[in-house]
Amino acid sequence: MTDSARPRTADPDDTRSRRPLDERRPSGDEVPGWAGRVMTVLRFVTQLVAINLLMLAGTVAGLVVAGFAPALHAGGLLLARLVDGDPSDHLWRDFWGAWTGAWRRTVLLGLPVVAAALVLLLDAQVLRVMDGPAAAALRTGGVVVALWVLVVTAYLPAVTRRYDEPWAPTWRFLVLSPAIGPLVAVAMLVTCAVVAVVLIYLPVLGPLLGLSVPVLATGLLADGRLDRLDTAAR
């Protein structure tokens, strides 16, 4: 990968920055033994559910087109803090602060994803009245584009959180990201597929964890890949 294809400016306020273990918040609010572990797990799950609901609300607040990317960004920030052992005590305030603070930039970065989704929807409608080799080729192309866009979208929260590059170099990196890290891309797709299967059989989990869990899991994969790229670039 060339240096020009990767956003390089790190955000000084990056909530994923590593902190010494002794500075992190004690788990279970310092309750010892199994009770503390249970409280830690319950708090983790509670935050996942709350962040999921906030992401849904943020998406709706922007009428989807102008809401999904800011919601991914804000939710990704809170999930990164959760993984780092520093969960937010003010989820509502922190979410909407991040949503509004990065609204313009994230909406612009999300527009190509919206455009691709609209093209895929149009493609699906055309395929309903087509048949033969042309339909097969169009269907194959649509599947490839859909998977590629899904991986790009999975990278989006980590990239907006870690870097502050202009629109063009950021999107150049996002478009190339599946090709740069094919194994990570496959892992992201498998993760999303597993979540989709679980939601098919347990649809009640959709409003509770349908967004936060895949964003958390794919965010860990994206962060690992970006950490390696940043290390190699130094």
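Where a number appears in this text, it was derived from the coordinates with a stated rule and is not lab data. Since the structure is predicted, the reported quantities are computational estimates derived from the model, not experimental observations. Every residue, glycine as well, gets a Cβ built from its backbone with ideal geometry; the counts of neighbours run over all protein chains shown.
Things to note:
- Cα radius of gyration and Dmax for the chain (Å): 18.9, 66
- The angle between the Cα long axis of helix 91-101 and the longest principal axis of the Cα atoms of the chain comes to about 50 degrees, rounded to the nearest 10.
- Cβ-based charge dipole, the chain, positive-most Cα from Pro70, Ala102, Ala137: Ala137
- Look at the alpha carbon pairs under 8 Å that are at least 6 residues apart: their mean separation over the length of the chain gives a relative contact order of 29 percent.
- Charge context of Leu156, other residues only, Cβ under 12 angstrom, K/R +1, D/E -1: +3
- Residues Ser88, Ser177 arranged by fewest to most Cβ contacts within 10 Å: Ser88, Ser177
- 0 to 90° range, to nearest 10: angle between helix 103-127 axis and the chain longest Cα axis: 40
- Note that region 34-159, at 25 °C in a medium of 0.890 mPa s, gets a Stokes-Einstein diffusion coefficient of 149 µm²/s from its Kirkwood radius over C-alpha pairs.
- Sorted by Cβ density within 10 Å, fewest first, the residues Tyr155, Tyr163, Tyr201: Tyr201, Tyr163, Tyr155
- Taking Cα atoms only, the orientation of helix 133-162 departs from the longest principal axis of the chain by about 30 degrees.
- Residue-count net charge about Leu120 - beta-carbon cut-off 14 Å; Lys, Arg +1, Asp, Glu -1: +1
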